[in-house]
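The values are calculated or read from the model by the stated rules, or taken from the named source; none is laboratory data. On a predicted model such as this, the values are computed, not experimentally measured, just so you know. Glycine gets a Cβ as well: all are built from the backbone with ideal geometry, and neighbour counts include every protein chain shown.
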Amino acid sequence: MADPELSVVVPVFNERGNVAALIQEIVAALRGQIAFEAVFVDDSSSDDTLAVLKDCQRRTPELRVLHQQRRCGQSTAVRNGVKAARGAWIATLDGDGQNDPADIAKLLAERAQHPATVKLYAGWRVARRDSFSKRLASRIANAIRSRLLNDETPDTGCGIKLFPRDVFLDLPYFDHMHRYLPALIRRAGWQTVSVPVHHRQRATGASKYNNLGRAWVGLADLRGVGWLLRRNQQTAIEEIER
């Protein structure tokens, strides 16, 4: 069987009420449009998310299920999904169902309109369906991050993104790196584009983050990413012929 063109990587933790519907939406959006696979990475859920995924796998030939034997967080789940993926391009979605899989087609259409130097198409939630406190915290965090990292991206926290597999795996890895992909990809010498996408209310389950905890982690991450940017060196190279 030929490798798919696209791998949709979805990290999940305790999302038993959302994963089946999300899988159906991915299939509805992509089947017949592009050769794809859906790689769901269970981050050692304490509910029966894994059992639901196994049941869906029996009915969905495009679905692959990975299980992390201990909980490691979203960035590790995304990275393990990308490492296991067979597609040359990766689309990511959050497992809570707030991203709309139909927007993957919008990112693919944007890819067709831009040069090969653009290696990240990042979703931009222009109308967020979150609580006021969460929207406010995100707005402040985005403003601080943009000022310090100059990544020219209005919404790095959006889970829906499109990028080449090899470019992602060449980036420095650390916990929470998924929130800094625009800065990291620009550091590698590539360009990024932000694309307006839909955002939906969570249907079931609860958010795995709180504003205060995310803020403390974010400060440490910003210092680390800033260090990486300051230490970066980029140059064109040429091979000398014999």
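Values computed for the structure shown
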{"item": "Matching residues, region 52-79, being more than 26 Å from Ser194 (Cβ to Cβ) and assigned to a helix (DSSP H, G or I)", "result": "Val52, Leu53, Lys54, Asp55, Cys56, Gln57, Arg58, Arg59"}
{"item": "Leading residue by the ranking (modelled with the highest pLDDT) among those in region 189-207 that are assigned to a loop (DSSP other than H, G, I, E, B) and surrounded by 16 or more Cβ atoms within 10 Å (Cβ to Cβ)", "result": "Trp190"}
{"item": "Hits in region 82-95 (condition: closer than 22 Å to Arg200 by Cβ and outside any strand (DSSP E or B))", "result": "Leu93, Asp94, Gly95"}
{"item": "First in region 107-123 and closer than 23 Å to Gly157 by Cα and touching a residue at least 12 places away in the same chain (Cβ under 8 Å), second anywhere and exposed (fewer than 12 other Cβ atoms within 10 Å of the Cβ) and among the hydroxyl-bearing types (Ser, Thr, Tyr), Cβ under 6 Å, 6 or more apart", "result": "none"}
{"item": "Residue in region 23-31 that is of a type in the set (S, T, N, Q), more than 17 Å from the chain's Cα centre (by Cα) and closer than 16 Å to Cys56 by Cβ present", "result": "yes"}
{"item": "When residues of region 91-120 are limited to those that are under 17 Å from Ile23 (Cβ atoms) and under 12 Å from the mean Cα position of the chain (by Cα), the one surrounded by the fewest Cβ atoms within 10 Å (Cβ to Cβ)", "result": "Asp94"}
{"item": "Answer residue from region 1-51, given it is assigned to a strand (DSSP E or B) and free of Cβ contacts under 8 Å to residues at least 40 places away in the same chain and is farthest from Arg111 (Cα to Cα) among those", "result": "Asp42"}
{"item": "Hits in region 1-39 (condition: surrounded by 23 or more Cβ atoms within 10 Å (Cβ to Cβ) and either of a type in the set (S, T, N, Q) or at pLDDT below 95 (or both))", "result": "Ser7"}
